[in-house]
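Here the structure comes first, spelled out in structure tokens, and everything after it is commentary.
Laboratory data are not the source of any read-out in this text; all were calculated from the coordinates shown. Keep in mind that this is a model prediction, so the values were computed, not measured. Counting neighbours? That spans all protein chains shown, and the Cβs are built from the backbone with ideal geometry, glycine included.
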Amino acid sequence: GENVEQHPSTLSVQEGDSAVIKCTYSDSASNYFPWYKQELGKGPQLIIDIRSNVGEKKDQRIAVTLNKTAKHFSLHITETQPEDSAVYFCAASRMASGGSYIPTFGRGTSLIVHP
Amino acid sequence: KAGVTQTPRYLIKTRGQQVTLSCSPISGHRSVSWYQQTPGQGLQFLFEYFSETQRNKGNFPGRFSGRQFSNSRSEMNVSTLELGDSALYLCASSFGTSGASYEQYFGPGTRLTVT
């Protein structure tokens, strides 16, 4: 089955700095890669996703890059703010039975943004 | 549009008991997936229901079961509870059909504590 490695497990930055979280996956058939942000006491929230036919996607301060050859993808957050502090999960998925996508998650990165 | 709702939010049970958790998906979403989140194992896929049928299943013992109703609401049941079943149980909904949006939206979770 799919295996997703995520690094680092903890990332501490100063407000205004950039943050980068990296993930690798093992299944070359994976073709959908969502990123989730989970705040304390809440469920994961989808913040950005990328499909395998795209190399990069950006949404305001957040961007994701995908290198299919190397089987790795990264989340980039620029101009970090204290409210960006949360646990971030990457995931890799392929089409499962019936046309759904079942993600395999990384272990998470705890991002701490210091004011 | 209302998000995914889960009830109850918190639950304390004793070893050997059984428990039922409920999830109401986003209106229009027909797929409901369940995940278990623990510090040790991370986010793990339990099963997915679509049109009242279990469509995909993760690697969990038969004590974990679920069902989906005609209005897409879903329940999951855990029988003969063990201490290791203590976790945050998350429900996620999506359109679930081939060609539709892939995104999964998570509820806030049910925190289950087994004593």
Restricting attention to strands (runs of 3 or more DSSP E) lying wholly within the range A:56-115, give those where 3 or more residues are over 17 Å from residue A:7 (Cα atoms). A:56-59
Residue match in the range A:33-54 (condition: of a type outside the set (Asp, Glu), away from chain B (no Cβ under 11 Å), outside any loop (DSSP other than H, G, I, E, B) and over 14 Å from the mean Cα position of the chain (by Cα)): no
Scan the range B:29-74 residue by residue and report those that are within 11 Å of chain A (Cβ to nearest Cβ) and surrounded by fewer than 13 Cβ atoms within 10 Å (Cβ to Cβ). B:39, B:40, B:41, B:53, B:59
Please count how many residues of the range B:1-23 are touching a strand residue (DSSP E or B) at 6+ places or on another chain (Cβ under 6 Å) and either on the phi > 0 side of the Ramachandran plot or free of Cβ contacts under 8 Å to residues at least 60 places away in the same chain (or both). 2
Only one of A:109, A:24, A:104, A:78 is within 22 Å of residue B:32 (Cβ to Cβ) and of a type in the set (S, T, N, Q), namely A:104
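Yes or no: the range A:95-110 includes at least one residue that is among the aliphatic types (A, V, I, L, M) and touching a residue at least 40 places away in the same chain (Cβ under 8 Å).
yes
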